[in-house]
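A short write-up of the structure that comes next.
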Amino acid sequence: MAEDQRSYDIAIVGGGINGCGIARDAAGRGLAVFLCEQNDLASATSSASTKLIHGGLRYLEYYEFRLVREALQEREVLLRMAPHIIWPLRFVLPHHRGLRPAWLIRLGLFLYDHLGGRKLLPATRSLNLRQDIAGTALKDAYTRAFEYSDCWVQDSRLVVLNALDAREKGADLRTRTRCTKARREDGLWVLSIEDENGNCETIRARALVNAAGPWVTEFLTKGLGLNAAAKVRMVKGSHIILPRLFEHDRAYIFQNSDNRIVFAIPYEQDFTLIGTTDEDFEGDPATAEISRKEIGYLIDAVNGYFKTEISAEDVVTTYAGVRPLYDDGASAAQSATRDYVLKLQGTGNEAPLLNIFGGKITTYRRLAEAALEKLEASLGTLGQPWTKESHLPGGDFSWDGAEQLASDLCRDFPFLERKLAQRLVRAYGTRARDLLGKARSLQDLGQHFGADLYEAEVVYLMDREWACSARDVVWRRSKLVLRMTREEQAALDDWMSRRRATSRGDAAE
Ligand SMILES: Cc1cc2nc3c(=O)[nH]c(=O)nc-3n(C[C@H](O)[C@H](O)[C@H](O)COP(=O)(O)OP(=O)(O)OC[C@H]3O[C@@H](n4cnc5c(N)ncnc54)[C@H](O)[C@@H]3O)c2cc1C
């Protein structure tokens, strides 16, 4: 076993949005940062979200004003920080006569418009569904609606871009590497880590951050042998993806009779994303999958609104994830708090341990700032917050400049179809040019794997963004899973395995 004695300021366990967000912030402050992720980046909850950067309109009903305010403020901060993978989205909320009264919705939306200091996003307005195209897909009973703003995010790319920026700022990130245990020794944390090939290593750090998401308690009790600082409430949420159900670019938010809401969102041009559910979950979070009951629930919810009925046979694909919520003792899963709670353990000279419970993709940047502020109590000053005015890799352009960027790309690489240029801009922003390099024709992009995926992109993802398997490429770093056949995905997987084996061989020589 290789015994390495590397020492860091902060070691982070978990490469979801919270772990990677903290790694980026800390590395940007000049700290020596280590992060390990047992699988691929964003392989758990952070790729299974509804993908909204939102204040959370329904949380107002649970009086979560702190969370809603912070989340609303973050919308425009994140939009400016990553305008390639985040964009504004309008939501149509039809008024349902049997459910919340119009005055209550109007009041909620008034607060929503004003709590968070909105500057870029347009305000709420009322819609006459008999005249607006948004009414065309809906049953005739729906005549009135409200329309408000939030944003869309490519969740797993947000994680990868945080990881990439952290690495560019000096952090040591290891994917497919599990922290099997950690113990305190001489005022430091000593972590045992093991990679996918069984190679073990020991690293030391002044502080340990447990950002293991749904595994937060398991890592605390089994990996560290400590008592849980708080309880996590695991709440499963699932989504279904269908062929496009309506012909405009706004999303719907439907009220359901059980007091929950369900979204129907335009997805990847040709599809509609429908979600989500709230079900208490037990067992290994890695095994979470949608149940038949959930599929039925989501279908019933939208069939109450759309003219054209959908059925389970229409479902193209599904995904499910487990929310690692802070257990505040709420009775129903849907009412458990979505706010984050940071629990610091370690007294006197003991090396500090920070456990992350709950949180939203939307508030990850603020969570990272709060985490470092907590650690300052033990580690001394950790520098100034800096991420608010920053750009994520490839996001150094105007918040509404993506279409212009695609046009510029088409001008400079005339062999690109506009659709491909748009997809590359929406994934890599200004860094799409690094990927295209000196290519003068499609042939220069190398082997074609199906849909509009070429070797140059796969190589970029493997060399710069930790992609190791076809799933990493088609599910998380892109959504090409919706456009590539199983055979094409298998061939891509083979190709990537061979390339990995060759580069391991080269490194060994
Ligand atoms: C259905 C659903 C919809 C949602 N929708 C939204 C939304 O629209 N907007 C929003 O803002 N938020 C949303 N959320 C919430 C958001 O997705 C989560 O709060 C967030 O992704 C949690 O991130 P995390 O980093 O804490 O956990 P995770 O993403 O789960 O990351 C934890 C990581 O730790 C790794 N790990 C665990 N143990 C170890 C170990 N021993 N060694 C190494 N690695 C380890 C895991 O593999 C995992 O990748 C949604 C959540 C769900 C489930």
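The values are calculated or read from the model by the stated rules, or taken from the named source; none is laboratory data. The model shown is predicted, which means the values in this text are computed figures rather than measured ones. FYI the Cβ positions are ideal-geometry reconstructions off the backbone, even for glycines, and counts take in every protein chain you see. Remember, those area values only see protein heavy atoms, side chains included, never the ligands or the DNA or RNA. Shrake-Rupley method; radii C 1.70, N 1.55, O 1.52, S 1.80 Å.
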Margin query: Here is a list: Glu218, Glu268. Which entry is of a type in the set (D, E, K, R) and in contact (Cβ under 8 Å) with a residue 40 or more places away in the chain?
Written below: Glu268
Margin query: For the range 190-199, give me the residue count where each residue is surrounded by fewer than 17 Cβ atoms within 10 Å (Cβ to Cβ) and not acidic (Asp, Glu).
Written below: 4
Notebook entry, point to check: Of everything in the range 1-20 that's more than 8 Å from the ligand (Cβ to nearest atom) and open to solvent by less than 10 Å² (accessible area, probe 1.4 Å), which residue is farthest from Lys222 (Cα to Cα)?
Noted result: Ile10
Check: Yes or no: Trp215 assigned to a helix (DSSP H, G or I) and modelled with pLDDT of 95 or more?
Finding: yes
Margin query: Consider the range 53-90. How many of its residues are open to solvent by 10 Å² or more (accessible area, probe 1.4 Å), within 29 Å of Phe397 (Cβ to Cβ) and away from the ligand (no atom under 12 Å from the Cβ)?
Written below: 8
Next item on the list: Return a yes/no flag: does the range 228-247 have any residue that is over 30 Å from Trp189 (Cα atoms), modelled with pLDDT of 95 or more and basic (Lys, Arg).
Entry: yes
Next item on the list: Could you please give the count of residues in the range 200-225 that are of a type outside the set (D, E, K, R), within 19 Å of Glu185 (Cβ to Cβ) and open to solvent by 40 Å² or more (accessible area, probe 1.4 Å)?
Entry: 2
Notebook entry, point to check: Say we look at the range 226-243 and pick out the residues that are touching a residue at least 40 places away in the same chain (Cβ under 8 Å) and not in a strand (DSSP E or B); which of these is most open to solvent (accessible area, probe 1.4 Å)?
Noted result: Lys231
Check: Quick one: in the range 151-189, which of the residues that are hydroxyl-bearing (Ser, Thr, Tyr) and either more than 13 Å from the ligand (Cβ to nearest atom) or open to solvent by less than 40 Å² (accessible area, probe 1.4 Å) (or both) is farthest from His84 (Cα to Cα)?
Finding: Thr177
Item checked: Residues of the range 354-381 classified as farther than 17 Å from Tyr326 by Cα, open to solvent by less than 10 Å² (accessible area, probe 1.4 Å) and not in a helix (DSSP H, G or I), total -> 0
Next item on the list: Scan the range 270-326 for residues that are closer than 14 Å to Pro243 by Cβ, in a loop (DSSP other than H, G, I, E, B) and out of contact with any helix residue (DSSP H, G or I) (no Cβ under 9 Å at 6 or more places or on another chain) and report the count.
Entry: 1
Checklist line | Odd one out for Thr45 among (1) open to solvent by 20 Å² or more (accessible area, probe 1.4 Å); (2) away from the ligand (no atom under 16 Å from the Cβ); (3) β-branched (Val, Ile, Thr) | finding: (2)
